[in-house]
Each structure stands twice: as structure tokens, then as C-alpha cells.
1. Pull up segment 63-82, narrow it to residues that are among the hydrophobic types (A, V, I, L, M, F, W, C) and closer than 19 Å to GLY105 by Cβ, then point me to the one that is surrounded by the most Cβ atoms within 10 Å (Cβ to Cβ).
2. I'd like to verify a number: residues in segment 27-47 that are surrounded by 16 or more Cβ atoms within 10 Å (Cβ to Cβ) and modelled with pLDDT of 95 or more, how many?
3. Taking the residues in segment 110-149 that are in contact with a Pro (Cβ under 9 Å, 6 or more places away or on another chain) and assigned to a helix (DSSP H, G or I) as candidates, determine which candidate is nearest to ASP43 (Cα to Cα).
4. Which of the residues belonging to segment 83-106 are crowded, with 18+ Cβ neighbours inside 10 Å and either among the polar types (S, T, N, Q) or more than 13 Å from THR7 (Cα to Cα) (or both)?
5. Restricting attention to segment 119-139, does a residue exist that is within 14 Å of the chain's Cα centre (by Cα), surrounded by 13 or more Cβ atoms within 10 Å (Cβ to Cβ) and basic (Lys, Arg)?
6. Filter segment 7-44 down to the residues that are touching a helix residue (DSSP H, G or I) at 6+ places or on another chain (Cβ under 6 Å), under 16 Å from ASP151 (Cβ atoms) and not in a loop (DSSP other than H, G, I, E, B) and list them by number.
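The values are calculated or read from the model by the stated rules, or taken from the named source; none is laboratory data. Only a predicted model underlies this, so the values are computations on that prediction, with no experimental measurement involved. All Cβ positions, glycine included, derive from the backbone under ideal geometry; neighbour counts span all protein chains shown.
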Amino acid sequence: MEKIGFTIGKFAPFHKGHQFLIETGLKEMDKFFIVLYETNVLDIDINTRAKWINKLYPQIKIYFAKNPPEQYGLDDQSVKIQMEYLIKIIKNEKPTHFYSSEPYGKYVSKYLGIVDRQVDLKRKTIPINGTLIRQDIESNKEWISDIVYKDLQNFLK
């Protein structure tokens with residue numbers, strides 16, 4: 001049976017923690033894809049964020065999650081709303097594993113009936129997150145690729 005993994009995210013910005021997650025998936029799966037969500041937490045459009053991923057991982061298919069539901073949370077109703085939206089986006093895919101570094105991973109996996117593959121949940125291997133980078137790009141530039149850093153400097157001036 002073909003092992004198909006995927007992850008979801010805003011990748012705002014795309015950093016080495018995301019890369020570690022993706023590279024883990026690529027090593028373990030026969031196929032790996034990403035669902036990239038629109039967001040307003042970073043003033044960089046979804047196409048630029050997709051470009052970062054494509055330059056580093058051209059073999060990965062990216063699905064765009066535009067106009068996602070505004071209701072978030074881990075309560076049953078929020079999970080149901082988000083999962084119904086996600087299923088519409090990945091309708092032709094048959095994933096067997098969900099990769100994440102977030103607590104919501106177990107909810108996505110359970111809803112889809114697939115394996116929950118948590119990667120570096122406690123951020124011990126790659127101790128960074130998007131919020132820290134957005135707060136201080138210069139102090140955290142070691143955690144982002146040159147491609148991302150260049151765009152962040154251009155977009156956030």
C-alpha cells in the first residue's frame with residue numbers, strides 16, 4: 001500500500017521547523033503534499049509562500065486553501081468545520097498519514113482516520129516558530145532559508 005503523507009499550514013514565514021517536518025515526511029512516505037492556507041498574520045501573499053516551498057521542495061504538490069473558515073479551535077464544532085473544508089481541498093488525495101508539530105494533528109488524523117505523525121512537537125530539535133520569527137526577523141534569521149529571508153526583507157520594509 002502506498003504511504004501518502006501531508007501537512008497543512010500557513011508557513012508565515014516558512015522556516016527550518018517546517019523544513020524538518022517536510023523532510024521527515026519525504027523520508028518516510030512514498031508521496032507527500034502540503035495544504036497551504038491563506039492568512040493575514042504575515043503581509044506576504046500565498047503565492048510567495050508557495051514559491052518558497054517550491055524552490056526548496058519542487059517534488060511536493062501544494063494545494064491552496066483560500067478563504068478558509070474563520071472558526072478555529074479544538075472543540076467538536078470547530079474541528080468539524082475545518083475538516084469539512086480540508087476534505088474539499090484534498091478531495092482526490094487518499095492520505096494515510098498526517099504530519100504536524102501542533103496539538104491539532106491528532107484531531108485531523110482522527111477525523112480522517114489516518115496515522116497521526118507528530119514531528120518535534122516540543123520544538124526540541126528545531127526550537128523556533130513563526131511567531132518568534134515575525135516578532136524579530138533579524139535575531140531569528142538562522143531559522144529561515146536565504147530565499148525566505150530575502151523576501152521578508154523586501155516585503156516588510
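1. From segment 63-82, those among the hydrophobic types (A, V, I, L, M, F, W, C) are 64-65, 74, 79, 81; that's our starting set.
When the remaining residues are screened for being closer than 19 Å to GLY105 by Cβ, the result is 65, 74, 79, 81.
Numbers: ALA65: 23, LEU74: 11, VAL79: 18, ILE81: 17.
Going through the qualifying residues, I end up with ALA65.
2. Just the residues of segment 27-47 that are surrounded by 16 or more Cβ atoms within 10 Å (Cβ to Cβ), to begin with: 29, 31-37, 39, 42, 44, 46.
Next, only the ones that are modelled with pLDDT of 95 or more stay: 29, 31-37, 46.
Qualifying residue count, segment 27-47: 9.
3. Among residues in segment 110-149 that are in contact with a Pro (Cβ under 9 Å, 6 or more places away or on another chain) and assigned to a helix (DSSP H, G or I), the one nearest to ASP43 (Cα to Cα) is ARG134.
4. Residues of segment 83-106 crowded, with 18+ Cβ neighbours inside 10 Å: 86, 95-101, 105.
Result: THR96, SER100, SER101.
5. no
6. The answer is LYS16, LEU36.
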